[in-house]
Amino acid sequence: GRRLEGKTVLITGASSGIGRSTAFEFARTAPNSGLKLVLTARRIDALRQIAADISKETEGNVKVHVVQLDVSDSTAVRGFVAALPVEFSDIHILINNAGLVRGVAKAPEIAELDIEIMFQTNVTGLINMTQAILPIFQARGSQGGEGDIINIGSIAGREPYVGGSIYCATKAAVRTFTESLRKELIATRIRVIGIDPGQVETEFSVVRFYGDKSKADAVYAYALPISSLILGCEPLKPEDVAEVIVFAATRRQNVVIADTLILPSHQGAATIMHRKS
Ligand code: NDP
Ligand code: 8X3
């Protein structure tokens, strides 16, 4: 908890899944250290509920500010930092988590809108957020800057699969951007951290099937109708990924957890899962 003392953490996509769990994990790790959280997503009501729950759990010690922000809206991202209340503007840790998958279509049947939304959110949104926050980090300290950028990629960025070409391409782009950024910032104390989860049970698959919960449940229960993805294994919980994110953020300043692949024990690769009988 001491390494988070007085820090402000900004999480994108904090309204559900990994982002939401990461907010709670930070609060639980440093409930009495003057930690502040800035939680952003499109669903502001969900963020307000999470803020209220964290406030209650920490008896108001962890201060939470919520902002409705669509990361795919470049204009909104550009105005975001200037609109932050002074109390929450000294960001130390940026968690670029907002992201989504839409559909399981294969070329040439991939909807143009899905392509646009995935790239605009997962890639352009993540890059725009990074560029908006970096000047805050670069102005801190005497060593070219201080702060953490934690980018949520995916196993899908390392192992492309059938029916996931666009999503996989966006996550490969995240991986490449993350690696370039780390190289660009080596003369500073800004840490660039890549976190690549395997399968995690969140709202991810509900979003993939455009809100069809029964299809999403099937991903985690039986067999997903894409590729050879055999499921019915036990996925990770979002808390599992949140723990790794907070671990990375709480290492000694000179330690960069540069690259992390996190799998449930029954996952061997993006599309190799051991099936519970
Ligand atoms: P969820 O669907 O549960 O959460 C996604 C979050 O992203 C939500 O809070 C959502 O908030 C937010 N989001 C989506 N689009 C936007 C947008 N345009 N602007 C702002 N926020 C947005 O899924 P996960 O928790 O699983 O996903 C989090 C990250 O983890 C994603 O980047 C995903 O690609 C990645 N990931 C997920 C894996 C999995 O198996 N679940 C595996 C590997 C990586 P709202 O809708 O309120 O805007
Ligand atoms: C999500 C992981 O491979 O199940 O990033 O689409 S995958």
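Under a Cβ-Cβ cut-off of 9 Å, what is the net charge of the residues other than residue 171 that fall near it, where Lys and Arg count +1 and Asp and Glu count -1? Can you show the working numbers first?
Working: positive: 158, 175; negative: 196.
Summing Lys/Arg as +1 and Asp/Glu as -1 gives +1.
Expressed as a whole percentage, what fraction of the accessible surface of the range 1-130 belongs to carbon and sulfur atoms when a 1.4 Å probe is rolled over the protein heavy atoms?
Working: 2830 of 5910 Å².
Carbon plus sulfur share of accessible area: 48 percent.
Any idea how far apart residue 180 and residue 81 come out in nm if each label point goes 7 Å out from Cα toward Cβ?
Calculated label separation equals 1.9 nm.
Can you give the % of DSSP beta bridges in the chain that are antiparallel, to the nearest 5? Mind showing how you got there, number by number?
On the way: 3 of 33 bridges.
Expressed as a percentage, antiparallel bridges in the chain total about 10.
Which residue, 264, 100, 16, has the largest displacement toward the positive end of the dipole of the chain when charges sit on each Cβ (Lys, Arg +1; Asp, Glu -1)?
My answer, from the dipole projection, is 264.
If you count only protein heavy atoms with a 1.4 Å probe, what accessible area per residue comes out for the range 102-211, rounded to a whole Å²? If you can, show how the numbers build up before the last one.
Numbers: 4760 Å² over 110 residues.
Dividing the accessible area of the range 102-211 by its residue count gives 43 Å².
Picking from 128, 27, 273, whose Cα lies most toward the positive end of the charge dipole for the chain (charges on Cβ: Lys, Arg +1; Asp, Glu -1)?
The listed residue farthest towards the positive side: 27.
Given the range 1-132, what count of lysine pairs have C-alpha atoms under 30 Å apart, with each pair 8 or more places apart or on different chains? Before the final figure, lay out the partial values.
Details: 7/36; 7/56; 7/63; 36/56; 36/63.
Final tally of qualifying lysine pairs is 5.
Just how far, in whole angstrom, is the range 162-220 from the range 1-49 if you go by their alpha carbon centroids?
The range 1-49 and the range 162-220 have Cα centres spaced 19 Å from each other.
Any chance you could run the full-extension gain for residue 234 through residue 210? It's 0.36 nm times the residue separation minus the Cα-Cα distance, nm to one decimal.
Details: separation 24, 0.36 × 24 = 8.64 nm, distance 2.30 nm.
Length gained between residue 234 and residue 210: 6.3 nm.
Once you order the gyration tensor axes a ≥ b ≥ c over the Cα atoms, which shape class does the range 113-170 get: rounded for a/c under 1.5, otherwise prolate or oblate by comparing a/b with b/c? The partial results should precede the final answer.
Numbers: a/c = 5.78, a/b = 2.29, b/c = 2.53.
Since a/c reaches 1.5 but b/c is at least a/b, the shape of the range 113-170 is classed as oblate.
Treat every Asp and Glu Cβ in the range 71-149 as -1 and every Lys and Arg Cβ as +1, leave all other atoms uncharged, and give the resulting dipole magnitude about the Cα centre to the nearest 20 debye.
Details: 4 positive and 9 negative charges, 17 e Å.
The dipole magnitude comes to about 80 debye.
If I take R0 = 25 Å and measure r between the Cβ atoms of residue 105 and residue 42 in this structure, what FRET efficiency does the formula 1/(1 + (r/R0)^6) give, to the nearest 0.05?
Details: r = 24 Å, r/R0 = 0.94.
For R0 = 25 Å, the calculated efficiency reads 0.60.
Quick check for me: using +1 on Lys/Arg Cβ and -1 on Asp/Glu Cβ, what's the dipole size of the chain about its Cα centre, in debye to the nearest 20? Mind showing how you got there, number by number?
Values: 30 positive and 29 negative charges, 96 e Å.
Dipole about the Cα centre, nearest 20: 460 debye.
By how many nm would the segment from residue 217 to residue 74 grow when fully extended, if each residue of separation counts as 0.36 nm and the alpha-carbon distance is taken off?
On the way: separation 143, 0.36 × 143 = 51.48 nm, distance 3.30 nm.
Full extension from residue 217 to residue 74 adds 48.2 nm.
Which whole-number percent is the relative contact order of the chain (Cα, under 8 Å, 6+ apart)? Don't skip to the answer; put the middle values down first.
Details: 564 pairs, mean separation 51.2, N = 277.
Relative contact order comes out at 18 percent.
About the Cα centre of the range 122-264, how large is the charge dipole given +1 on each Lys and Arg Cβ and -1 on each Asp and Glu Cβ? Please answer in debye to the nearest 20.
On the way: 14 positive and 15 negative charges, 93 e Å.
Magnitude of the dipole: close to 440 debye.
Taking a virtual spin label 7 Å from the Cα of residue 3 along the C-beta vector, which residues in the range 237-277 bring their backbone nitrogen under 19 Å of it?
Inside the label zone: 240-262.
Suppose the chain between residue 32 and residue 272 were pulled fully straight at 0.36 nm per residue; how much longer would it get relative to their current alpha carbon spacing?
On the way: separation 240, 0.36 × 240 = 86.40 nm, distance 4.24 nm.
Extra length from residue 32 to residue 272 when fully extended: 82.2 nm.
The values are calculated or read from the model by the stated rules, or taken from the named source; none is laboratory data. Predicted, not measured: the structure shown is a model, and the values here were computed from it. Cβ: placed from backbone, ideal geometry, glycine included. Neighbour counts: every protein chain shown. We work out accessible area using only protein heavy atoms, side chains counted, and drop any ligands, DNA or RNA first. Shrake-Rupley method; radii C 1.70, N 1.55, O 1.52, S 1.80 Å.
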